[in-house]
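Every number in this text was worked out from the coordinates using simple rules, so none of it is lab data. Source: prediction; values computed, not measured. Glycine gets a Cβ as well: all are built from the backbone with ideal geometry, and neighbour counts include every protein chain shown.
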Amino acid sequence: MRVVVDYDLCESNAVCMAVAPEVFEVRDDDFLYVLQDVPPDDLRDKVTEAAARCPKQAITVED
């Protein structure tokens, strides 16, 4: 699994961080950072939920 973020769409609203803080982080500079672009499979459910809840649909999960 690979996490891909379209930063042109991303608004750094931290919804993904609330769902999967192990993978996503919005820092003090108000930018989203992907902490693990290839997260372990045990985080699949969280990452998939984070992608689904993204208001701008800026997150893609690739297999």
Local net charge near R2, Cβ-Cβ under 14 Å (Lys/Arg +1, Asp/Glu -1): -4
task: Compute the length gained on full extension between D6 and K56: take 0.36 nm times their separation in residues and subtract their Cα-Cα distance, giving the result in nm to one decimal.
output: 17.0 nm
- line: Net charge near K56 (other residues with Cβ under 10 Å of its Cβ; Lys, Arg +1; Asp, Glu -1) is -3
- prompt: Of C10, C16, C54, how do they rank once you tally other Cβ atoms within 10 Å and put the fewest first?
  reply: C10, C54, C16
Estimated vicinal HN-Hα couplings, Hz - region 30-45 in sequence order (Karplus 6.51, -1.76, 1.60; Gly, Pro = x): 6, 10, 7, 10, 8, 6, 9, 6, 10, x, x, 4, 5, 9, 3, 4
- line: Taking Y33, Y7 and counting other beta carbon atoms within 10 angstrom, the fewest-first order is Y7, Y33
statement: A correct fewest-to-most ranking of T48, T60 by other Cβ atoms within 10 Å would be T60, T48
query: the chain: percent of C-alpha pairs farther apart than 18 Å?
result: 20 percent
